[in-house]
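Structure, as structure tokens:
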Amino acid sequence: MNTGPAARNNPAASSAPTSANSAVATTATAIVNIASLVTNDPSLGDGSPLGLIQDAAVVIEGDRVVWVGASSKAPATDNGVDAGGRAVLPGFVDSHSHLVFAGDRTAEFNARMSGQAYAAGGIRTTVAATRAASDADLERNLTRYLDEALRQGTTTFETKSGYGLTVEDEARSLRIAAAHTDEVTYLGAHIVSPDHADDPAAYVELVTGEMLDACAPYARWIDVFCEKGAFDGDQARAILTAGRAKGLHPRVHANQLSYGPGVQLAVELDAASADHCTHLTDADVDALASGDTVATLLPGAEFSTRARWPDARRLLDAGVTVALSTDCNPGSSFTSSVPFCVALAVRDMGMTPDEAVWSATAGGAAALRRTDIGRLTPGARADLTVLDAPSPVHLAYRPGVPLVTQVWRAGKRVV
């Protein structure tokens, strides 16, 4: 398993205290009696990529982890929490979602499950509903799905615009999203706006000009749907290059519905992630393996569209860093459940349970180029998911069961 750039560049894992002999403030909180602790640090515990520690403890001070190790060696603190022999892992990092929208596409899903093929054009239905919605409606919808994801263990999420496709609607979507996360992505290039259906070049000019100017202040990332029916390689390059000139870092919806230039363009432009990666040539896999671009796999989309599954085994065996994410959106993957995606990845994409857990935590952090999340090591942000099970393998072993019993975010128990 490739441990990715987020693991390679994490000085906190080696510089902060890790033993019972280290000084720990008594005002800290110790979570003890953990059956299996996922640290995602191979130097800890069993030496695997998950860095599993059995019969473990975690000590939190403020919003940070300050100690991990055997429960019997945990330093004394004023506050103690008994995990009751449950498994603890880092909060899930959902690095790809589309949560600023209105309406749903039940009719489209029903038709698809009755035999109709999925196509990118269905996005237009959500565009119309989103444009018609008020800011309050959009924010209420966003917070509903954020709360839903949090209850299932997601402590960090990325989300995108892409359902407005006008200057005003894209900017307000990003403004609403930015009030709830730092990981905001400008996706004016989701599809060509219906208003410019007869002049795609004019829409690309808008996306790279006035719309980009209005949206850049609210975003960290820029994304493009590089696909037949959306934007070709030349258009995607122009959009991503313009965004980079404004200080936004690239991400790419790549090779979801067909073979195309998206993956290799993502690697060439040092995109943080190439997302979907369903149809890959050997050259695409080699490009991902040779660069720092993470392959983010989104099994909820294949589940909801009855499409071909991405071959995670092929990517992992080539040394590619892989993330798992929900792609939560009203059209092609209407799930906010990372545990569900973990189970799908194990059952249908060739991943082991350990690989899927790593990809949903440390892999997601790598896809966001974050070193403070996706792991439970001293210095990391204290984001923890507690399972009502003794092992993280139960996420795939017991699919569909609500195993998440506690969630801690930034050192506070929020579920």
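The values are calculated or read from the model by the stated rules, or taken from the named source; none is laboratory data. What you see is a predicted model, and the numbers here were worked out from it, not measured in a lab. Glycine gets a Cβ as well: all are built from the backbone with ideal geometry, and neighbour counts include every protein chain shown. What goes into the accessible areas is simple: the full protein's heavy atoms, side chains included, and nothing from ligands, DNA or RNA. Shrake-Rupley method; radii C 1.70, N 1.55, O 1.52, S 1.80 Å.
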Inset, instruction - Scan segment 354-382 for residues that are under 18 Å from the mean Cα position of the chain (by Cα), open to solvent by less than 10 Å² (accessible area, probe 1.4 Å) and β-branched (Val, Ile, Thr) and jot them down. - result: 357, 361, 373
Inset, instruction - Return the only residue of 66, 59, 32 being surrounded by 18 or more Cβ atoms within 10 Å (Cβ to Cβ), touching a residue at least 60 places away in the same chain (Cβ under 8 Å), in a strand (DSSP E or B) and of a type outside the set (S, T, N, Q). - result: 66
Inset, instruction - Report whether or not residue 385 is open to solvent by less than 40 Å² (accessible area, probe 1.4 Å) and not in a helix (DSSP H, G or I). - result: yes
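Quick one: is residue 105 at pLDDT below 95, among the basic types (Lys, Arg) and buried (at least 17 other Cβ atoms within 10 Å of the Cβ)?
It is true that residue 105 is at pLDDT below 95, among the basic types (Lys, Arg) and buried (at least 17 other Cβ atoms within 10 Å of the Cβ).
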Legend entry - Tally, over segment 209-227, of residues that are of a type in the set (D, E, K, R) and touching a residue at least 40 places away in the same chain (Cβ under 8 Å): 3
Inset, instruction - May I ask you to say which residue of 183, 205 is more than 30 Å from residue 155 (Cα to Cα), surrounded by 15 or more Cβ atoms within 10 Å (Cβ to Cβ) and of a type in the set (D, E, K, R)? - result: 205
Inset, instruction - Hey, can you tell me all the residues within segment 341-357 that are touching a helix residue (DSSP H, G or I) at 6+ places or on another chain (Cβ under 9 Å) and in a helix (DSSP H, G or I)? - result: 341, 342, 343, 344, 345, 346, 347, 348, 353, 355, 356, 357
Legend entry - Residue, surrounded by the most Cβ atoms within 10 Å (Cβ to Cβ), within segment 253-270, restricted to residues that are in a loop (DSSP other than H, G, I, E, B) and small (Gly, Ala, Ser): 260
Inset, instruction - Sort out which residues of segment 294-340 are part of a helix (DSSP H, G or I), within 16 Å of residue 274 (Cα to Cα) and open to solvent by 10 Å² or more (accessible area, probe 1.4 Å), and write them in order of number. - result: 314, 316
Inset, instruction - Please give the number of the condition residue 289 fails out of (1) open to solvent by 10 Å² or more (accessible area, probe 1.4 Å); (2) assigned to a loop (DSSP other than H, G, I, E, B); (3) closer than 23 Å to residue 240 by Cβ. - result: (2)
